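Enquirer: I'd like to ask some things about the structure below.
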């Protein structure tokens, strides 16, 4: 496969996000116009790990010129990780060894990866495996918005996912009002609550629950979650509006104590080490059942529909914000690559970013946890004005509800408790970090 032009390979890892094809389009056009030959590597690192060099396709300007608004990925996408070690094999690092060998057989002079934190880590390790001989540029992508980009810039795909998610929630809110029911919705976001909070704020949902509003170094108890949801529903009942929409970040499930889950869902699937598979928990369904049981114990009925949204968002057609942004990122990635090949940077690879309209590449290692080597997670900052505004529009139990005798009496009445008993029972909710931050 001898060639004269420098050959660039492009691959996509992780899960889909709106704007992937726009990055591929912009990067391919800019690379070809800069004298590169461009090939697409199908299904992320999957085939490279297997040592298979046949799953490639040439990318041309006519092929990619009109794909910028389409959802999904023309190159496919996969989560296969070349950095994983296999202790049972003669060569525990055979995945990376195969990846390096396949890239060499393909005679790639540079690699461009598109993906989230896992793909960024794989890109960094691949770059290191070539000991500076292969420039690697990573384009950050995730609808979770949890990568530490400069200037607080969102990750591409997040804005579209929030936009489409807000449209779905608006429809569900209309249904909630018409049918006098509640919806408990889980939104994607394993490590941070940006998407759940963003959708709730944009759509005017009744409330959102994200992991960042609980004590950082403590598990989140199921009883705490039920308390928050129950008191919001009771407050709505006092207002004569027994309906609403609550949005929860899926990452909450990862902070639940396994024993807490096993107590209420003993049949929850476990892995080979006996740990609960919280990804199979279906948090929205579990909380729906537990909240209904609370109301039933008081002789009341609560109509709640459990729903998960996420896959509906990942392959949506990108909105103009993300199309413009991903074109900047795609072209910026090639400019950064040109700079690397000219030796303008000490590093041989990194993550492309845009800060205040300017190219702001982040060298590999600069956005990683020095202890683990994994990409740092950007969580929701609950001290910001943005979070405080979001809380102000939610229907949540507040300090004033317990301090005002009239409000407390009304809430206690619908909960069928004495006022002092209600205050004692639910006082911890108004001392959670999120509540304290919103009250400042």
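The values are calculated or read from the model by the stated rules, or taken from the named source; none is laboratory data. Model, not experiment: these values are computed from the prediction. We place every Cβ from the backbone using ideal geometry, glycine too, and count neighbours over all the protein chains shown.
Enquirer: In this structure, is residue 242 closer than 23 Å to residue 402 by Cα, touching a helix residue (DSSP H, G or I) at 6+ places or on another chain (Cβ under 8 Å) and at pLDDT 90 or above?
Expert: yes
Enquirer: Give the residue that is nearest to the chain's Cα centre (by Cα), with candidates limited to residues of the range 314-327 that are buried (at least 19 other Cβ atoms within 10 Å of the Cβ) and not in a loop (DSSP other than H, G, I, E, B).
Expert: Only one residue fits best here, namely 314.
Enquirer: Also: In contact (Cβ under 8 Å) with a residue 12 or more places away in the chain, assigned to a helix (DSSP H, G or I) and touching a helix residue (DSSP H, G or I) at 6+ places or on another chain (Cβ under 9 Å): is that true of residue 350 in this structure?
Expert: no
Enquirer: Could we say that residue 195 is at pLDDT 95 or above, buried (at least 24 other Cβ atoms within 10 Å of the Cβ) and not in a loop (DSSP other than H, G, I, E, B) here?
Expert: yes
Enquirer: Could you check the range 237-259 and list, in sequence order, the residues that are crowded, with 17+ Cβ neighbours inside 10 Å, assigned to a helix (DSSP H, G or I) and within 26 Å of the chain's Cα centre (by Cα)?
Expert: Within the range 237-259, 250, 251, 252, 253 qualify.
Enquirer: Output the residue which, of all residues in the range 267-284 that are part of a helix (DSSP H, G or I) and surrounded by 16 or more Cβ atoms within 10 Å (Cβ to Cβ), is modelled with the highest pLDDT.
Expert: By that ranking, first place goes to 284.
Enquirer: Let me ask you something else. Kindly list the number of the only condition in (1) outside the structural domain of residue 126 (by TED's automatic domain parsing); (2) out of contact with any strand residue (DSSP E or B) (no Cβ under 8 Å at 6 or more places or on another chain); (3) surrounded by 14 or more Cβ atoms within 10 Å (Cβ to Cβ) that fails for residue 404.
Expert: Residue 404 satisfies all of (1) outside the structural domain of residue 126 (by TED's automatic domain parsing); (2) out of contact with any strand residue (DSSP E or B) (no Cβ under 8 Å at 6 or more places or on another chain); (3) surrounded by 14 or more Cβ atoms within 10 Å (Cβ to Cβ) except (3).
Enquirer: Sticking with this one: Determine, yes or no, whether residue 396 is in contact (Cβ under 8 Å) with a residue 60 or more places away in the chain, part of a helix (DSSP H, G or I) and either in contact with a strand residue (DSSP E or B) (Cβ under 9 Å, 6 or more places away or on another chain) or farther than 26 Å from residue 215 by Cα (or both).
Expert: no
Enquirer: Let me ask something else about it. Please verify whether residue 189 is on the phi > 0 side of the Ramachandran plot, free of Cβ contacts under 8 Å to residues at least 24 places away in the same chain and assigned to a loop (DSSP other than H, G, I, E, B), treating the condition exactly as stated.
Expert: Considered against the rule, which asks whether it is on the phi > 0 side of the Ramachandran plot, free of Cβ contacts under 8 Å to residues at least 24 places away in the same chain and assigned to a loop (DSSP other than H, G, I, E, B), residue 189 comes out as no.
Enquirer: Just a yes or no: is a residue in the range 3-13 over 22 Å from residue 133 (Cβ atoms) and either free of Cβ contacts under 8 Å to residues at least 12 places away in the same chain or in contact with a helix residue (DSSP H, G or I) (Cβ under 7 Å, 6 or more places away or on another chain) (or both)?
Expert: yes
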